[in-house]
1. Assess whether A:R167 counts as being within 14 Å of chain C (Cβ to nearest Cβ) and loosely packed, with under 14 Cβ neighbours inside 10 Å.
2. Among the strands (runs of 3 or more DSSP E) confined wholly to region D:13-83, which include 2 or more residues that are in contact with a Gly (Cβ under 9 Å, 6 or more places away or on another chain) and either touching a residue at least 60 places away in the same chain (Cβ under 8 Å) or of a type outside the set (D, E, K, R) (or both)?
3. Could you run through region A:36-58 and say how many residues are away from chain C (no Cβ under 11 Å) and outside any strand (DSSP E or B)?
4. In region B:37-54, what residues are at the interface with another protein chain (Cβ under 7 Å from one of its Cβ atoms) and farther than 27 Å from D:K35 by Cβ?
5. If you check A:Y251, A:Y265, which single one turns out to be within 25 Å of the chain's Cα centre (by Cα) and of a type outside the set (A, V, I, L, M, F, W, C)?
6. Among the candidates D:I34, D:I24, single out the residue that is more than 13 Å from the chain's Cα centre (by Cα), closer than 10 Å to C:E25 by Cα, at pLDDT 90 or above and at the interface with chain B (Cβ under 9 Å from one of its Cβ atoms).
7. Restricting the search to region D:2-30, which residues are hydroxyl-bearing (S, T, Y) and within 24 Å of A:G26 (Cα to Cα)?
Amino acid sequence: ASKLWVPNTDFEVAANWSQNRTPCEGGAVEFPANKMLSVLVRESHAVSDLLLPLDGELVLASGAGFGISDAGSHRDCGTGDPAVFRDPDRFSWYDPHLWRSGDEAPGLFSVDAERVPCRHDDVVFPPSASFRVGLGPGASPVRVRSISALGRTFTSDEDLAAFLASRAGRLRFHGPGVLSVDPEDCADPSGCVCGNAEAQPWICAALLQPLGSRCPQAACHGALRPHGQCCDLCGAVVLLTHGPAFDLERYRARVLGTFLGLPQYQGLQVAVSKVPRPPRLREADTEIQVVLAETGPETGGAGRLARALLADVAEHGEALGVLAVTMRESGAHVGVGS
Amino acid sequence: DLQQPRMAAERGNLVFLTGSAQNIEFRTGSLGKIKLNDEDFSECLHQIQKNKEDIIELKRSTVGLPQNISSQIHQLNSKLVDL
Amino acid sequence: DLQQPRMAAERGNLVFLTGSAQNIEFRTGSLGKIKLNDEDFSECLHQIQKNKEDIIELKRSTVGLPQNISSQIHQLNSKLVDL
Amino acid sequence: DLQQPRMAAERGNLVFLTGSAQNIEFRTGSLGKIKLNDEDFSECLHQIQKNKEDIIELKRSTVGLPQNISSQIHQLNSKLVDL
């Protein structure tokens, strides 16, 4: 699977500027002195003054540029406070908000830890945008299958390290964290665990930072906390013990195609992945987690779908390669009937 | 306003443009250099100036040289031979 | 894309960069100037051209100068003395 | 303490500035040119170098020329006439 980096450091993106708007025509523009960054400029802009960082670059797309006009020559620029580019170091690799899965489908989602690139993911930084990413505290190396940046794909640690040490790399990647690539595919048809369990504290910290570092109250009694999820959710969790015949992709397609499309399951979101099994349990050290999340105000749909999946296993378990199955379900919505 | 001085990318070329009467200026501090593909511009300037001074000196040392010294020396020789 | 031109800062140095086959161009209107640390570049160009022309002129005026004018004059003097 | 490089407007002129000990550099790839009003800077450099070499050659060829060749030839002529 692939994971795409979403945010960019493009000049024309309002969110990259203080006060959430791009510099007004003819105004002053300021980049923070001590923040390294690369900024793509796509269009032509008039400025009265442009303060560059001490280390950084403005990359000009064809037709882009800067014209100069004396301060105050454009009426709409008001008092002339400079537009300040926001701190480009604010984007963290571990922030689930900043990644998009390359194989999203309606009704599918990933638990928080798996929204950040997993061990066997191909990571893509779109070549059409400038970006900067913080690699975190470096407690353990980030391992992925490959990394594509600036139109190049890195599949060996040697090439990747040379790129990260280059000026182009240092403008885009920062922090003590270590990136490592291993082009080995996930060869197991039953799936591979994501491998972000160790990083989950940082992932959850980044996820919850805009919320004051606290999980929002779940809307139901007896909310569930699936493996890899930062906060409780309402719905159901089905856990499958898989045998050698189990195929994760096929099972995910089956849940999606045979069940989720039915009208009674509308509004449900499904995440299917292999997760580590708590160590106290039996022979297998992994299991398949199916998370059924309720997104709307109605309750019970997730429980019904979970029971339908259990019945499916009872009927077709051998063909599916499922040896055993359990489920958990959250309770009634908070505030309903009280 | 196309008359405003500007810096722009044109098919991968980096172009500095001015309208009719505006300048484009590059200024470093007193210890900074302006380098064009690793050539220090102040050294270019210095060499241009040195060439200019050398030329003045050469002109001074050759001024008054009759255009046709060779022919004059030849004439002198002829006259001597004629004696 | 590393082929796109860029205005970069490297430890406070200001660097203008283009890709492998792209140019950096300065174009002024008829009255606009390119100034590099207060030197008008068109005057530099003009001085280079003037130096070139002065050199052509110097070459022309000294062409045909026998390398050994001094020795020839010396010989002429000797011959005169011998008479 | 380093100063940030800056692009600024001064009375309609486009001005690029760096701090006291920082450089301004223009760098093209190996096939790119720096052009100033259609003049290729590397050709300017080449012409400066060629002028320098021509001057050295001119100096060499005129070295030992007595300052006063004209007056010496004039004297020789006088002596001849006196004979």
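The values are calculated or read from the model by the stated rules, or taken from the named source; none is laboratory data. Please read these numbers as outputs of a predicted model, since none were measured by experiment. Methodologically, a virtual Cβ is constructed for each residue, glycine included, from the backbone with ideal geometry; neighbour enumeration extends over all protein chains shown.
1. Answer is yes for this residue.
2. Filter on region D:13-83 gives D:13-17.
3. Number satisfying all stated conditions: 1.
4. B:D54
5. One residue alone meets the criteria, A:Y251.
6. Step by step, each of D:I34, D:I24 is checked, and only D:I34 is more than 13 Å from the chain's Cα centre (by Cα), closer than 10 Å to C:E25 by Cα, at pLDDT 90 or above and at the interface with chain B (Cβ under 9 Å from one of its Cβ atoms).
7. Across region D:2-30, the qualifying residue is only D:T18.
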